[in-house]
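The values are calculated or read from the model by the stated rules, or taken from the named source; none is laboratory data. What you see is a predicted model, and the numbers here were worked out from it, not measured in a lab. All Cβ positions, glycine included, derive from the backbone under ideal geometry; neighbour counts span all protein chains shown. Surface areas here come from the heavy atoms of the whole protein model, side chains and all, with no ligands, DNA or RNA. Shrake-Rupley method; radii C 1.70, N 1.55, O 1.52, S 1.80 Å.
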Amino acid sequence: MERMRVILNLIWLVLCGFWMALGYALAALICFILIITIPFGIASLRIANFALWPFGRRVVDRRDAGAPSLIGNVLWIVFAGWWLALGHLTTGLLLCLTIIGIPLGLANFKLIPVSLLPLGREIVRIDDPYDADRLAFR
């Protein structure tokens, strides 16, 4: 199973992972420049890492996320989330045009929710039991 994840991640990295991570890095850079949006920049870099190598990891909701995460997510959608989600949608549709790209396109579609609502979520390894006990699964 681990070999399959590595193969999928390498194909992902070449076809869309690098470019999507670059988009998240650009969003993070803008957030860091604006200073008040540094928490958004940190979340964007976390997702950029996930967008580079997604297979073998998953997104889980944090139990301790509250109203600040909700307010932050609304601001994120308005300023950066919609165009990152649009990038995942476009890339996913293009990947689904080929047979070998269908699993990668579907993985792109699964990244749309975290690109829209990054705050109050965490990215964990699939096989890490500690994270399974600590966080509520989505």
Helical contribution to [θ] at 222 nm, DSSP H n ≥ 4, -39,500 (n - 2.57), averaged over the chain, rounded to 500 | -18500 deg cm²/dmol
Express the accessible area of the chain per residue in Å², computed with a 1.4 Å probe while the remaining protein chains stay in the model.
-> 59 Å²
So, relative contact order of region 1-125 in percent, Cα under 8 Å, 6 or more apart, is 30 percent
What are the ³J(HN,Hα) values, in whole Hz, obtained from phi via the Karplus relation 6.51 cos²θ - 1.76 cosθ + 1.60 with θ = phi - 60°, for each residue of region 77-83 in sequence order, with x given for Gly and Pro?
-> 4, 5, 8, 9, x, 5, 6
Cα gyration tensor, the chain - rounded (a/c under 1.5), prolate or oblate | oblate
For the chain, give the percent of accessible area contributed by carbon and sulfur heavy atoms, probe 1.4 Å, rounded to a whole number.
-> 75 percent
Estimated vicinal HN-Hα couplings, Hz - region 108-117 in sequence order (Karplus 6.51, -1.76, 1.60; Gly, Pro = x) = 4, 5, 6, 7, 4, x, 6, 6, 7, 10
Show me 89-102, 71-84, 37-50 ranked by packing, highest mean number of other Cβ atoms within 10 Å first.
-> 37-50, 71-84, 89-102
